[in-house]
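Below: the structure, in structure tokens.
The values are calculated or read from the model by the stated rules, or taken from the named source; none is laboratory data. Here the structure is a predicted model, which is why all the values come from computation and not from measurement. No Cβ is skipped: glycine too gets one built from the backbone with ideal geometry, and neighbour counts run over all protein chains shown. What goes into the accessible areas is simple: the full protein's heavy atoms, side chains included, and nothing from ligands, DNA or RNA. Shrake-Rupley method; radii C 1.70, N 1.55, O 1.52, S 1.80 Å.
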Amino acid sequence: MTQGEQIMRGGLWFLLAASVASSIGGLPFNTLPILLGAFADRLALGPAELGTLGSACTGGYLISTLLGPLWVDRVPWRLATGAAVAGTAAALTWSANASGAPYAPLAAFGFAAGLMHSLGMRMVGEVANKERAFGVRLLTELIIVAALLFFLPIHIASRAIEGGMSLLAIAVVAMGFSAFVISRGPNTSHGAAAAATSPAARVSAECWLALAIFVVFACGQVALWVFIERIGHSINVAANEMGLVFSVLKVVGGLSAALVALLGDRLGNRWPHIIGFIVIAIGVAHLAAPTSFMIYALGAWIWEGAFTVCCVYQTAAIAKLDRSNKLVVLVPAAFAVSAFVGPELAGRLAESGGFTPLFMLAVGCAAIPAVAYWVLSKRIAPT
């Protein structure tokens, strides 16, 4: 029996275990606004310093996701999961006990979590039904993150940054127990190897363009995301209210992912990107004029829902354009590029012009895929 057949026999248990482990990889991005806000209050950091701190974290994540394709099929998956879990938990503990701005600890946090993201995406990719598999993975991640984001601001408010980091470290170790269900390694069947080395497998220019479009789109959204907490702080949103905003925000993201799974390609290859741009603009408009807690919360939730939908549809577009099935593996690294550039760019913009340039950047970057896929849609192969 091949490794792939063993995985398929594991079925749902393997998929859930891989999804839980993969969720560790989403922690740097999902928790970054809360962590940056906590360090800003503790160390009196300005917007530019916060942006650099955020980029340190996502820079480590970028490096590890770029390296992912080089090792994920060569290292035992259980061993790699254990190493990534240990590294992530250790980096979180190091960050909490750093004497100054924790540039190196957060970079280590991003690097270790990025290893788990690369591995998790590869493991989930073993499941035959890709749409369902990645839908379950995303839903699992967002459910876990929603729970963490509900308690994280409260822990930071009551126990300072050390309490928040301890909560995250404990959660990482708990998620790491999923490694006992994970298979030992990748599918090394002859058929899979032959498909990977087929002479017909070529990466199209349109696919590279789609990947570049995704980087630009995500960069604008990440720039806004890292200051979501600070926007709420500017109108005196309380810690318990902030926890509610961020926990519901990830539930909204999960529901949005489920909606995409239900709709599939029924909206075609153009309209999802156009509708996504319009809804992002509506969410940003609410965030730009947060006259009350509810307006702020609605803006964050609307923006998150549209952001999630756009990410899923753009990833699907890349996969459809990528007949070689090679370039889609770089989607996490592409997101890591935007997650590295976005915080630094956001910090510089906020330092000089407040939040307004961030709102303009987010909407402008969301318009690019809406326009591009109006042209590229005819080149996207039907599923």
Here are some conditions: (1) assigned to a helix (DSSP H, G or I); (2) modelled with pLDDT under 90. Ala306 meets all but one. Which one does it not meet? (2)
Ala210: open to solvent by 20 Å² or more (accessible area, probe 1.4 Å), modelled with pLDDT of 85 or more and part of a helix (DSSP H, G or I), yes or no? no
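This table checks each residue for (1) at pLDDT 80 or above; (2) open to solvent by less than 10 Å² (accessible area, probe 1.4 Å); (3) on the phi > 0 side of the Ramachandran plot.
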| site | (1), (2), (3) |
| --- | --- |
| Arg9 | no, no, no |
| Gly25 | yes, yes, no |
| Leu36 | yes, yes, no |
| Gly46 | yes, no, no |
| Gly51 | yes, yes, no |
| Leu70 | yes, no, no |
| Leu92 | yes, yes, no |
| Leu119 | yes, yes, no |
Considering only the stretch 94-108, how many residues are open to solvent by less than 60 Å² (accessible area, probe 1.4 Å) and part of a helix (DSSP H, G or I)? 7
Quick check on the stretch 359-366. Is at least one of its residues open to solvent by 10 Å² or more (accessible area, probe 1.4 Å), at pLDDT 85 or above, out of contact with any Leu (no Cβ under 7 Å at 6 or more places or on another chain) and of a type in the set (Gly, Ala, Ser)? yes
Between a first residue in the stretch 286-301 that is surrounded by 17 or more Cβ atoms within 10 Å (Cβ to Cβ) and a second residue that is hydroxyl-bearing (Ser, Thr, Tyr), which pairs have beta carbons less than 6 Å apart while being 6 or more apart in sequence or on different chains? Pro290/Tyr296
Determine whether the stretch 62-84 contains at least one residue that is under 21 Å from the mean Cα position of the chain (by Cα), under 30 Å from Glu241 (Cα atoms) and assigned to a helix (DSSP H, G or I). no
Hits in the stretch 213-243 (condition: of a type in the set (Phe, Trp, Tyr) and outside any helix (DSSP H, G or I)): Phe227
I'd like to check something: does the stretch 315-332 contain any residue that is modelled with pLDDT of 90 or more, of a type in the set (A, V, I, L, M) and assigned to a helix (DSSP H, G or I)? no
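Among the candidates Ser178, Ser183, which residue alone is modelled with pLDDT under 80, over 18 Å from the mean Cα position of the chain (by Cα), crowded, with 16+ Cβ neighbours inside 10 Å and hydroxyl-bearing (Ser, Thr, Tyr)?
Only one candidate passes the filter, namely Ser183.
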When you look at Ile170, is it farther than 18 Å from Ala38 by Cα, open to solvent by 60 Å² or more (accessible area, probe 1.4 Å), in a helix (DSSP H, G or I) and at pLDDT 85 or above, yes or no? yes
In the stretch 213-224, is there at least one residue being aromatic (Phe, Trp, Tyr) and closer than 22 Å to Val363 by Cβ? yes
Any chance the stretch 249-262 includes a residue that's under 25 Å from His155 (Cα atoms), out of contact with any Phe, Trp or Tyr (no Cβ under 8 Å at 6 or more places or on another chain), not in a helix (DSSP H, G or I) and not acidic (Asp, Glu)? no
